[in-house]
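The values are calculated or read from the model by the stated rules, or taken from the named source; none is laboratory data. Keep in mind it's a predicted model, so treat the numbers as computed, not measured. Heads up, the Cβs are rebuilt from the backbone with ideal geometry, glycines too, and the neighbour counts pull from every protein chain shown. Side chains are part of the model used for accessible areas, which takes the heavy atoms of the whole protein and leaves out ligands, DNA and RNA. Shrake-Rupley method; radii C 1.70, N 1.55, O 1.52, S 1.80 Å.
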Amino acid sequence: MNSLDIKALDAQNVMQTYGRFDAVIERGEGATLYSPEGKEYVDFTSGIGVNSIGYGNKKWAEAIYEQALKLQHISNLYYTEPYVKLGKELTSRSGMKNVFFANAGGEANEGMIKLARKYSFDKYGMGRSTIVSLVQSFHGRTITTLAATGQESFHNYFFPFTEGFVHVPANDIKALETLLASQAMGAVSIDGTAALKADTTNSGICAVMIELIQGEGGVLPLDKDYVLELSKLCESHDILLLIDEVQTGIGRTGTLFAYQQYGIIPDVISFAKGIAGGLPMGGIMANEKCSQVLTPGTHATTFGGNPIAAAGALEVLSQLNDSALEEVVKKGEYITNTVNGWNLPVVAEVRGRGLMIGISLNNAVPRELAVKCIENGLLILTAGSDALRMLPPLTISYEEIDKGLKILKGILEDA
Ligand SMILES: *Cc1c(COP(=O)(O)O)cnc(C)c1O
């Protein structure tokens, strides 16, 4: 089918929930994509941080092909080898204790929220269920993860949203301290009678949920000091620290998970996007303290730990070894230094870590620039209201980077 036919069928048969760019993609090689007519694009998006090891990756394709011939799915009523191997790889490389496999980021975050509420319920009973998240965060599109998302524009139409979420500004420890103090009202014990002693653990709040670099919100990194203080504050109040690594995880920022650069051990993390190289997979990992909270019957998902997705993920993790992660850091610095070196008035700031890079703009509409980039053969994302965002495949070559940056420079110079 040609591009016109494909767009016509989309308009006729598919719910129009996406503001798609005017590009039809048929195939890819490395970090380069092609339309059915052979138009070439350098990819600075990797399908929003998903295609971590690029396109046409033979070893990855073979791993999933061989697994598909053996066993494609069997449900979590039975044991299989791919997910246990993947669990071992993830725990040994993260220092977390164990993993629950899901299929996407929003679903993973739902599991993380359930775990946090059950941890608190098991220990303190009802009434200690509020989860604090940050202004400008993004946590997903389910009714509950929309409630967790700290952007007002997402809190519309679908009322009632799940209760028990409050938002505080990022990088402002005082705001969280004030909230904890103002909420210290007293939870009720498990039988619903005696009020628990009003102590520091008793603020009605069970968890704080953060992204270390807010992705959709604008590529906004949290300050290291803030994260350290937040972690201490959580620990002293027995409030769980939940880290949404759906976008920052799986090597995107130069370490397997971003928290590994912040000197903290989270209670629970979620991951998804990059884990299986393009197959739908997500999950959560808990530290020792939280590893036994979810018990048989309390949480499940039909496709979780699917053998094909797990086989793909094992290949992704094997390719994202230490030297590949060092390359992620170097390529990120190269892109950042190059863009800064242009000294263009339209560029306000280049920020991020590894290959998660935002360019905030002066007096320009990110979407309009992204459209021009695409016309000129570069796929690029936007973030927040003022930024372009780059999430290239982690395996992108310097040649492809240079090609993409040349197109970007031309567009930014004219902006
Ligand atoms: C993309 C994203 C999600 C949602 O993931 P889905 O797979 O679309 O459900 C959640 N949190 C963050 C930080 C994300 O970037």
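General observations
- Considering all C-alpha pairs of the chain, those separated by over 41 Å amount to 16%.
- Computed over the alpha-carbon pairs of region 1-56, the distance histogram in 10 Å steps reads 21, 46, 31, 1 percent, short to long.
- Accessible area (Å², per residue) of region 313-384, counting only protein heavy atoms and a probe of 1.4 Å: 43
- Using θ = phi - 60° in the Karplus curve 6.51 cos²θ - 1.76 cosθ + 1.60, the 3J(HN,Hα) couplings for region 272-277 round to 6, 2, x, 4, 10, x Hz; x is entered for Gly and Pro.
- Segment Ala181-Val166, extension gain: residue separation times 0.36 nm, minus the distance between their alpha carbons: 4.0 nm
- Short-range pairs are left out: with C-alpha atoms under 8 Å and at least six residues apart, the relative contact order of region 254-369 is 21 percent.
- In this structure, the residue pairs whose Cα-Cα separation is over 28 Å, taken from Lys85/Lys224; Lys59/Lys273; Lys39/Lys85, are Lys85/Lys224; Lys39/Lys85.
- Extension gain, Glu368 back to Ser35 (0.36 nm per residue minus Cα-Cα distance, nm): 117.8 nm
- In plain terms, the chain is cut at each of the GluC sites (Glu not before Pro) found in a DSSP loop with at most 11 other Cβ atoms within 10 Å, and the longest leftover piece is 164-415.
- DSSP beta bridge pairing in the chain, given as percent antiparallel to the nearest 5: 65
- Of all accessible heavy-atom area on the chain, the percent that carbon and sulfur account for (1.4 Å): 55
- Computed from the alpha carbon atoms alone, the convex hull of region 198-289 holds 107 Å³ per residue.
- Phi to ³J(HN,Hα) by Karplus 6.51 cos²θ - 1.76 cosθ + 1.60 over region 104-112, Hz, x for Gly, Pro: 7, x, x, 5, 4, 5, 4, x, 5
- Candidate cross-link partners of Lys123 among the lysines, defined by an alpha-carbon separation under 18 Å and a same-chain spacing of 8 or more, comprise Lys114, Lys197, Lys289.
- When the P(r) of region 284-338 is calculated, the portion above 18 Å amounts to 62% of the C-alpha pairs.
- Sequentially through region 264-269, phi angles give Karplus couplings (6.51, -1.76, 1.60; θ = phi - 60°) of 10, 10, x, 7, 9, 10 Hz, Gly and Pro residues having no value and appearing as x.
- Cα pair distances of region 97-152 binned at 10 Å [whole percent]: 23, 46, 29, 1
- Taken over the alpha carbons of region 1-103 as equal point scatterers, the Debye sum produces base-10 log I(q)/I(0) values at 0.21 Å⁻¹ of -1.16.
- Rounded accessible area per residue of region 75-178, 1.4 Å, Å²: 49
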